[in-house]
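What follows is calculated from the coordinates using simple rules that are stated; it is not laboratory data. This one's a predicted model, so the numbers in the text were calculated from it and none came from an experiment. Virtual Cβ from ideal backbone geometry, glycine too; neighbours counted across all protein chains shown.
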Amino acid sequence: MTHTNIDELCDATHPDALVRVEDVSKRFCRSLKKSLWYGVQDIASDLGFGNSSHELRADEFWAVKHISFELRRGECLGLIGHNGAGKTTLLRMLSGLIKPDKGRIEIRGRVGGLIALGAGFNPMLTGRENIYVNASVIGVSKRKVDRKFDEIVDFAGIHEFIDAPVQSYSSGMSVRLGFAVAAILIEPDVLLLDEVLAVGDIGFIIKCLNVVRRLSQNSAVIFVSHSMPAISAFCTRVIVLEHGQCLIDTREPANGINQYYSIIKLDRQEWGTGEAKIKNLFLKIGDEFCLNQEPQLFRGTKASVVLHLQIQSEYRGAYVDIYIHDEARNAVISFPLHDNKSEPLLFKPGDYQVEIPLGPLDLNSGKYSLGLGVRDADSAIVMVHAEGFSPFRISGKESHGGKIVRPTAPAVGHLQKRGFDG
């Protein structure tokens, strides 16, 4: 097992390959004591004393197992999976922080990693001092840092705090500075990105996206993210990991994203005063009731919701809202129930079973579920709020950037390119 970083690796049959991973596996131990002892045994084996074993020992498990792929310049590989699936472990092996127990990793050119941003900052030093220290660690000269310093500070947006100790920074400020240092000073051939979009507000995320897009034009990129719109926008290939193993390796990102959603389990959650109770809440497609299954629907499928609700309040009644949530439990669409006069529909105390038409599900590819909110009509106190009912998946030929996808009407007339004199 090797981890190399030289220009002569790629043979004539793969002249553009910058990353080659062959049957790579990594194991960890759940017991600290045994982990230390196993570490001593592995070091002795590497030095030629004793035999190395590729089998699991007591309390060990495979964090990554039998992973292989090859990546060329200009390609972007998305690594997706739930927490603990092995994504960060694989990235750490690629960056050389840890070595595989089995298999071979070959990397050609300079590696840049945006991993654990800001983790290497000294809290006692100022932001200015940490920029120079971090730059020296990654092999960037002081002259280059001097030239790029103002650009780094502008990008991080911490002008007034640059000479303050990093220990006084918020976590967001520290991460923004770490991203700015890594993104502006590194010009890598291989770029490793681990959740770089979870670093700040929407304005900063947009700046991050622009930088990543620029860097990825001339690099081979490996991108770990839980943001499926970002995976769809950036990646030319997707690998889905589950318990350290590859579930799917595809050059159709939508297929990989759909596989990712298939392994996500959504638990139901309910809270409120208890003055309203949900007897049932499920999706209905045509005449089919989606009771104990997770249907896969095409974008634009017409659907309705069947609700069985009991209002027990002693007050005059309640208002009801139906929600569609995404996999992160963000409300994508709200359906407040109204009467024929477009007034909120008042549910007086009693037992109700109603069907609510939703129309076409113009949703991006992904996993969704139903939610319900019932609030007192006078005080707006939440009687019950529920999430995670009747999960379903939306699939399409391609994945888009937004959650709601509504095609425009056909263009009227002919598209014409005009030229202007002047």
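Taking the Cα centre as origin and putting +1 on Lys and Arg beta-carbons and -1 on Asp and Glu beta-carbons, what dipole magnitude results for the chain, to the nearest 20 debye?
Magnitude of the dipole: close to 480 debye.
With a ≥ b ≥ c taken as the square roots of the eigenvalues of the C-alpha gyration tensor of the stretch 26-159, please select rounded if a/c is under 1.5 and otherwise prolate if a/b is larger than b/c or oblate if it is not?
Details: a/c = 2.26, a/b = 1.84, b/c = 1.23.
Taking the square roots of the gyration eigenvalues as a ≥ b ≥ c, the stretch 26-159 is prolate.
With each pseudo-label sitting 7 Å past Cα toward Cβ, what's the Phe28-Ile263 distance in nm, one decimal?
My value for the distance between the label points is 1.6 nm.
Only Cα pairs within less than 10 Å get springs; with that Gaussian network setup on the chain, which residue of Val221, Val354, Val405 has the largest fluctuation?
Of the options given, Val354 has the highest mean-square fluctuation.
How far is helix 253-262 tilted, in degrees, relative to the longest principal axis of the Cα atoms in the chain, given as a value from 0 to 90 rounded to the nearest 10?
60
Which of the GluC sites (Glu not before Pro) found in the stretch 267-363 are loop residues per DSSP with 13 or fewer other Cβ atoms within 10 Å of their Cβ?
Glu314
Would you compute the Debye intensity of the stretch 269-395 from its alpha-carbon atoms alone, equal scatterers and no solvent, and pass along log10 I(q)/I(0) at q = 0.17 Å⁻¹ to two decimals?
-0.85
Going by a ≥ b ≥ c, the root eigenvalues of the Cα gyration tensor, does the stretch 305-362 fall in the rounded group (a/c under 1.5), the prolate group (a/b larger than b/c) or the oblate group?
prolate
At most 16 other Cβ atoms within 10 Å and a DSSP loop assignment: could you name the trypsin sites (Lys or Arg not before Pro) in the stretch 277-358 that fit?
Here the sparse-neighbourhood loop sites are Arg316, Arg329, Lys341.
Among the lysines, which fall within straight-line cross-link reach of Lys277, defined as a Cα-Cα distance under 20 Å, with same-chain neighbours fewer than 8 residues apart omitted?
Lys348
What net charge is computed for the residues neighbouring Cys29, neighbours being all others with C-beta under 12 Å from the C-beta of Cys29, Lys and Arg scored +1, Asp and Glu -1?
Details: positive: Lys26, Arg27, Arg30, Lys33, Lys34, Arg57; negative: Asp42, Asp59, Glu60, Asp101.
Result for the local shell: +2.
How far, in nm, would the chain grow between Arg406 and Glu55 when pulled straight, counting 0.36 nm per residue and subtracting the alpha carbon separation?
Result: 121.2 nm gained on full extension.
Give the long-range amide H neighbours of Leu358: residues separated by 5 or more places, or on another chain, with amide H under 5 Å away, using H modelled in the peptide plane at 1.01 Å from N.
Result for Leu358 returns Ala303, Ser304, Val305.
Which peptide among 330-337, 140-147, 234-241 comes first, and what is the full order, when sorted by highest mean count of other Cβ atoms within 10 Å?
Working: 330-337: 13.9, 140-147: 12.2, 234-241: 22.2.
By packing density, highest mean first, the sequence is 234-241, 330-337, 140-147.
Given the options Leu281, Leu358, Leu32, which has the most mean-square fluctuation in a GNM of the chain, springs set between C-alpha atoms less than 10 angstrom apart?
Checking each option, the largest mean-square fluctuation is seen for Leu32.
Any idea what Rg and Dmax come out to for the chain if you just take the C-alpha atoms, in Å?
When restricted to Cα atoms, the chain yields Rg and Dmax of 26.6, 84 Å.
In terms of modelled amide H atoms, which long-range or inter-chain residues lie less than 5 Å from the amide H of Leu18?
Hits under the 5 Å cutoff: Leu71, Arg72, Arg73.
Could you pull out every one of the aspartates and glutamates with an alpha carbon less than 19 Å from that of Lys65, ignoring same-chain neighbours closer than 8 positions?
Straight-distance partners of Lys65: Glu22, Asp23, Asp42, Glu55, Asp101, Glu106, Glu242, Asp249.
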